[in-house]
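Below: one structure, written as structure tokens.
What follows draws every value from the coordinates through simple rules; no lab data is involved. Remember, predicted model here, so these are calculated numbers, not experimental data. Cβ placement follows ideal geometry from the backbone for every residue including glycine, while neighbour counts extend to all protein chains displayed.
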Amino acid sequence: MKSSDPLQIHLSLVSHTNVGKTTLARTLLMRDVGEVADRAHVTETTDDYVLVHSREGGELILWDTPGFGDSVALARRLEERQNPIGWFISQVWDRFANKAFWLDQRLIRHIRDRSDVVLYLVNVDQLPEHASYIRSEMQILAWIRKPVLVLLNQLGEPRPPEAEAADVDRWREALAPYPFVADILPLDAFARCWVQERTLLEAIGRALPETLTQAYRALRLSWERGRQAIYEASIEAMAQHLQKLASAQAKLPLPSLKDRALEMAFRLGLTKDEKTPLHDAQDVLRSRAADSFCALTNRLLEVNGLHGEGVPKEIYRRMKTDWNLASYGLDPGSAAAIGAGLGLAGGAAAGAMADAASGGLSLGVGSIIGTVLGAVSGLGAAKAYNYRSGKTDAVLSWSESALDDFMLEAVLLYLAVAHYGRGRGDWAEGESPAFWKETVAEVLKHQKSERGGCAAHEGEASFDTDGWERRLSAAVGAVLEKLYPTPTAS
């Protein structure tokens, strides 16, 4: 029976067998529960987990239930229970003649008696007209007589908002005959974002009876505090990464006549590329940037409750071969940053990594590590580095353009981590959807135009961590709003 504790609110996660309930439960709970496998009837027991506690002692409890098996027969049996013979068959005969079927009926009664809201998970491509079991399960949910939130699963990789909205509209039309369906939400167990989880909690609040509103408000506030803490820790980690890059410097001696002669010979094709002090300084900055990016990845995984290594060792091996330095010969207009210090006529250091599209680099993380592995912009080094010459030595540091790309990388990495459902298992690097990069680039461009340029390098000054946190918080917030716009009231 329903708990008499007014501070307890119960959610039942139900679906046809092998649709992904336990996978979603792990993602929502941010911990490993149950068993996940690619076969039917993996979950054999009804288990309850506390999704969130409130300071007032309330609990939001999530029940992970066995999947519906023979939904057609089950719906028929529930309908037959209305007459005495049907009741006898259901309560007595099935218990001895078909115990598995009898247990299915007990599960349905448990959901009816315990639940305040039912979360019904479906495969997005299996509309009722394509899967007869969904029609039968709608009859079962009608018998339960509780508000139902339909969660669209197995959506694939994240897609633009309009694509997800089209799926929701198709399901709204298909389920319009069922008044107990309170809402339909996209919530892929593999690639959801915490913003979508917040939308789910809002929908649960609307579906609950008024008697539970006060207790639920406290639970939602507790959930928001927890997710906000994770978000702020993620922003802080990204800010520290960017601050480290903004203040990174590598000293190098002024080029000798031999260095200049070797470089000129290389530019003319008379010799093979040979290491120069400038190349060594660039290697130092790139190595530090790669180390910082890997540390950022691991930190984001930690604070977002995921396991796995941030960057595979394969990337470190590729760094030696994929990070190729071009010649100093770029356009004269971009030569001032380095060419003047080196005394090269009309030249400039290239040195930024070759673009992945032309250089053949194909790595999952490479789609995120933009400036480091050259997969975002393929900038020339005259744009990627600042070069200042003194009397006895020179200093190389990342330029404003490079820092802009590092920020783009950091935001893309955060999106990848924030969308990685724990039910998938250990973190694995993967390609980011193209529209993510387009959205982030658009937001950062707008943000930069509003502040009139980065001005990250003014003498020895650079952004402090707080400054990066403010910029990142504003940028990530704007990106999430574009990816998950707040629905307008109809």
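Points worth noting:
- Listed values for the range 247-252 are Karplus-derived 3J(HN,Hα) couplings in whole Hz (6.51 cos²θ - 1.76 cosθ + 1.60, θ = phi - 60°), namely 9, 5, 9, 10, 8, 8, and x replaces Gly and Pro.
- Working ranking of peptides 168-179, 107-118 by packing, defined as the average number of other Cβ atoms within 10 Å per residue, highest first, is 107-118, 168-179.
- As a proxy for reagent exposure, ranking H10, H307, H241 by other Cβ atoms within 10 Å from fewest up yields H307, H10, H241.
- With 25 Å as the limit on Cα-Cα distance, the pairs of K244/K445; K244/K448; K445/K482; K21/K146; K21/K482 that go past it are K21/K482.
- Between A474 and H110, residue separation times 0.36 nm minus the direct Cα-Cα distance comes to 126.5 nm.
- Distant-in-sequence amide H partners of V117 (H built 1.01 Å from N, under 5 Å): H10, S12
- For the range 132-145, putting each phi into the Karplus relation 6.51 cos²θ - 1.76 cosθ + 1.60 with θ = phi - 60° gives couplings of 5, 5, 5, 4, 5, 6, 5, 5, 5, 5, 5, 5, 5, 6 Hz, in residue order, rounded to whole numbers and with x for Gly and Pro.
- Take the Cβ atoms of A131 and K482, set R0 to 35 Å, and the FRET efficiency comes out at 0.55.
- Phi-derived couplings, Karplus 6.51 cos²θ - 1.76 cosθ + 1.60 at θ = phi - 60°, listed residue by residue for the range 293-302: 5, 5, 5, 4, 4, 5, 5, 5, 4, 4 Hz, with x used for Gly and Pro.
- Cut-off under 5 Å, modelled amide H: who pairs with L51 long-range: L60, I61, L62
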